[in-house]
Amino acid sequence: MMSTTAETTTPVTMATALNAALADALTADPGVLVFGEDVGILGGVFRVTDGLAERFGADRCFDTPLAESGIAGTAVGMAIGGLRPVIEMQFDAFAYPAFQQVVSHIAKMRNRTRGALAMSMVIRIPYAGGIGGVEHHSDSSEAYYAHTPGLKVVTPATVADAYLLLRAAIDSDDPVVFLEPKKLYFAKDQVDLAALRARYEAGAGATSTSDGSEGGGDPRAALEAGGATIARSGTDATLVAYGPSLPAVLAAAAAAEADGRSLEVIDARTIVPFDDAAVVASVRRTGRALVVSEESGFGSVAGEIAARIQERCFHSLRGPVLRVTGFDIPYPPPKLEQHFLPGVDRILDAVDDLQWED
Amino acid sequence: MSDDVRDRVRHGTDETAGSAGGAVGGPDETAAGAEQPTNRVRAAARSFGITPEDYMLPARHLIRIVGPDGRVCRSAGEDPEPGHDYPLPADEDLLAAYRRLVTGRRLNEQNSALVRQGRMAVYPSSYGQEACQVAASAHLEPQDWLFPTYRDAVAVISRGVPPEEAMTLFRGDWHSGYDPREYRVGIESTPLTTQLLHGVGLAHAARLRGEDTVVVALCGDGATSEGDFHEALNFAAVFHLPVVFFVQNNQYAISVPLERQTAAPSLAHKAVGYGMAGERVDGNDLVALLAVFERAVRLTREGSGPLLIEALTYRIEAHTNADDATRYRTDEEAEHWRTLDPVTRMRTYLSDRGLLTDDLQAEVQAAAEQAAAELREGMNAEQELDPQELFAHVFTVPTPQLVEQSAQLADELAREEA
Ligand SMILES: Cc1ncc(C[n+]2csc(CCOP(=O)(O)OP(=O)(O)O)c2C)c(N)n1
């Protein structure tokens, strides 16, 4: 499937694409089941599980008692019992009661049992800010998970990727923390969900379009070895981002073009495994690198990415690898969050600092 | 929120300030060989002439004094079980609570209007639960503490926090609008049941410091499924701490009804498993709530150990303004609960008894309007927020990194201005 036609593509929200991925996975594999808080009759607080309980029955999609540790811990047992649970944590910060199960068991079980017990499960988490939520509704928690060996960490930035990466995450035999940028849930792209399904189920390989309408790179391969894509091509500097930060970075790149700067934007798509090769290839070409993410910068995924670029591209770099991240403060209240989030201006300021004088 | 309550609370803070640096230890209870928790429960049971099991198990009947029609209903042939009968609260307590009830209702209406007008980010309303909100702190002394949730703004206000400060979190200016120590009210906690453990720890600290402090700690029905709920009850019972756990069972946790949370006969039955007494009360009957709280706070202050109160009530509005309740419950169900309304019930009861005259009702209503008007004015006033405050409270002294980041933001804002 190399292209989709104007007739078949329609505006689809990320929430709808995620819902379709869940429905298609439930259809394709009788071992898949979906559970969590308010995922049944309500269809999830963001409507990502809308209609699934009705369509697939209460054995396949159900509400649990209100206990995240219970949800994650029983998912471990379900996976041992041969099923493929897809669990939902209602919000990023409400996943913390499950942290013990996630880091002590879900992440370690395969290694502890020398591969005997796979933790084939997906932990879906609505994540990050930009929706004016009161405290505990906007945490960027990717670094906690990315730092924990044994967990794969994925976050889509486009509607097509939301579908493809979630399908691949569910089919993966490793536990995947699937971070869904809240502020993109109701963003729309022109995509053809039927075509995406056909392509995914045929096991087709990568296609890559700049507008993301077909999803970047082969999603199964991305879960195995990392799957960054070039979201916008450029020659003068490489901007690396993922999930919630991508729209601001693309907007900054578009603005920079007016100043005569050609910025390449890489959508990492998978944080673990990280696609070093794609990022390194780009930075070696452009000679400048900026990493953008919404999380607090200290001890962040952005810091890890910057270090990896610096280690691998030192001789190609014209200046230090820079970062734009959230400040090292608890996530702000709604009326102040715009000062926290990396916006276009802050990104362009950092671009200006990428040593252009020579 | 009445001035007398606020003053009591403030005054209490000052009075106890002197002991703030007091040494740990001293009170008899902490000495080795102290009375065991089980003995305390036995003593409480003995005082009612019943077995410890009958004391710890909730009464077979729902504790109710005034029925939905506003009439006293327990004389209607129903013999209260021994040890589970509750005397009628004093008239002045009923009237004082009624004032707060009417104001609480009015503030719930005001807050929902402010959300509709976009003056507030979100509001989890306690409309329909105001009797519970008022009763929670009605018997607390100035030195006592309340540990509320996001849904308990009216309880927080009833304890003496100014309405505007109680609403700051939802307006989106800051995470907490008040100093918890000033009012002896914990933060309006969102991560479910985490605050129960804070309440237990506070009670433990007070005991170690020789302070007479009772804690009322609140949560919802859904929250009783969280691990922290069980840890909090167990800690409180094992250390026999003066904590009253108060579960407002409003039937739903967002969309999930109670029967999906628990298979227990009631939430009050959870108490016995931890070795404490549980009681189940009509959460729309302010008279019964006041009676049950009076006894619970008194018993725990006297050393009975913790208690659990479950109030049966209903969340009349959606979970928050962002929620669509029609997806998971019928309008008829909500309409039925409207007929059990706690405010009209109390008004009928007090009027029938001649305690509430037309003049007094007008005065109570006017005070509620006044509180709503003040809140409205405060919330409508444009607030100057200083983005630099984002860096001010993270640590005692901002780290070098925070100083650098705050300078970056200042520079950005200055350039924006220019
Ligand atoms: C640890 C945690 N998990 C999930 C949530 C999201 N959440 C907020 S309120 C709520 C329902 C709580 O229901 P209940 O305890 O019955 O109280 P109510 O809201 O009805 O007053 C949920 C699931 C949360 N705040 N904290």
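When you look at B:Ser2, is it of a type outside the set (A, V, I, L, M, F, W, C), under 26 Å from the mean Cα position of the chain (by Cα) and modelled with pLDDT under 95, yes or no?
yes
Suppose we keep only residues that are closer than 24 Å to B:Val122 by Cβ and among the aromatic types (Phe, Trp, Tyr) within segment A:291-346. Which one would you say is nearest to the other protein chains (Cβ to nearest Cβ)?
A:Phe327
Based on what the data block shows, is B:Glu294 in the same structural domain as B:Ile63 (by the TED database), within 16 Å of the ligand (Cβ to nearest atom) and surrounded by fewer than 24 Cβ atoms within 10 Å (Cβ to Cβ)?
no
Hey, can you tell me all the residues within segment B:373-387 that are open to solvent by 80 Å² or more (accessible area, probe 1.4 Å) and either assigned to a helix (DSSP H, G or I) or more than 14 Å from every other protein chain (Cβ to nearest Cβ) (or both)?
B:Glu374, B:Arg376, B:Glu377 - these are the residues of segment B:373-387 that are open to solvent by 80 Å² or more (accessible area, probe 1.4 Å) and either assigned to a helix (DSSP H, G or I) or more than 14 Å from every other protein chain (Cβ to nearest Cβ) (or both).
Let's see how each residue does on (1) open to solvent by 30 Å² or more (accessible area, probe 1.4 Å); (2) within 17 Å of the chain's Cα centre (by Cα):
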site	(1), (2)
A:Gln90	no, yes
A:Ala98	no, no
A:Lys108	yes, no
A:Ser120	no, no
A:Ile125	no, yes
A:Ala128	no, yes
A:His136	yes, no
A:Asp139	yes, yes
A:Ala143	no, yes
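Modelled with pLDDT of 95 or more, open to solvent by less than 10 Å² (accessible area, probe 1.4 Å) and within 16 Å of the ligand (Cβ to nearest atom) - does that describe any residue in segment B:171-179?
Within segment B:171-179, not a single residue is modelled with pLDDT of 95 or more, open to solvent by less than 10 Å² (accessible area, probe 1.4 Å) and within 16 Å of the ligand (Cβ to nearest atom).
Please determine, by comparing only the residues of segment B:240-288 that are away from the ligand (no atom under 12 Å from the Cβ) and within 14 Å of chain A (Cβ to nearest Cβ), which one is most open to solvent (accessible area, probe 1.4 Å).
B:Glu259
From the residues in segment A:86-107 that are in a helix (DSSP H, G or I) and of a type in the set (A, V, I, L, M, F, W, C), which one is nearest to the ligand (Cβ to nearest atom)?
The selected residue is A:Phe94.
If a residue must be among the small types (Gly, Ala, Ser) and either within 11 Å of chain A (Cβ to nearest Cβ) or open to solvent by less than 10 Å² (accessible area, probe 1.4 Å) (or both), how many such residues does segment B:319-339 contain?
Going through segment B:319-339 one residue at a time, the tally reaches 2.
Restricting to segment B:180-214, count the residues that are over 13 Å from the mean Cα position of the chain (by Cα), within 16 Å of the ligand (Cβ to nearest atom) and assigned to a helix (DSSP H, G or I).
Here the count works out to 3.
Residue-wise test of (1) basic (Lys, Arg); (2) part of a loop (DSSP other than H, G, I, E, B); (3) in contact with a helix residue (DSSP H, G or I) (Cβ under 6 Å, 6 or more places away or on another chain).
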residue	(1), (2), (3)
B:Ala135	no, no, yes
B:Gln143	no, yes, yes
B:Glu164	no, no, yes
B:Phe170	no, no, no
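So if I check each of B:Ala236, B:Ala217, B:Ala232, which one is away from every other protein chain (no Cβ under 13 Å), open to solvent by less than 30 Å² (accessible area, probe 1.4 Å), away from the ligand (no atom under 16 Å from the Cβ) and of a type in the set (Gly, Ala, Ser)?
Only one candidate passes the filter, namely B:Ala236.
The values are calculated or read from the model by the stated rules, or taken from the named source; none is laboratory data. On a predicted model such as this, the values are computed, not experimentally measured, just so you know. With ideal geometry, Cβ positions are generated from the backbone for all residues, glycine too; neighbour counts draw on all protein chains shown. Accessible surface is based on the protein model in full, side chains and every heavy atom, while ligands, DNA and RNA are left aside. Shrake-Rupley method; radii C 1.70, N 1.55, O 1.52, S 1.80 Å.
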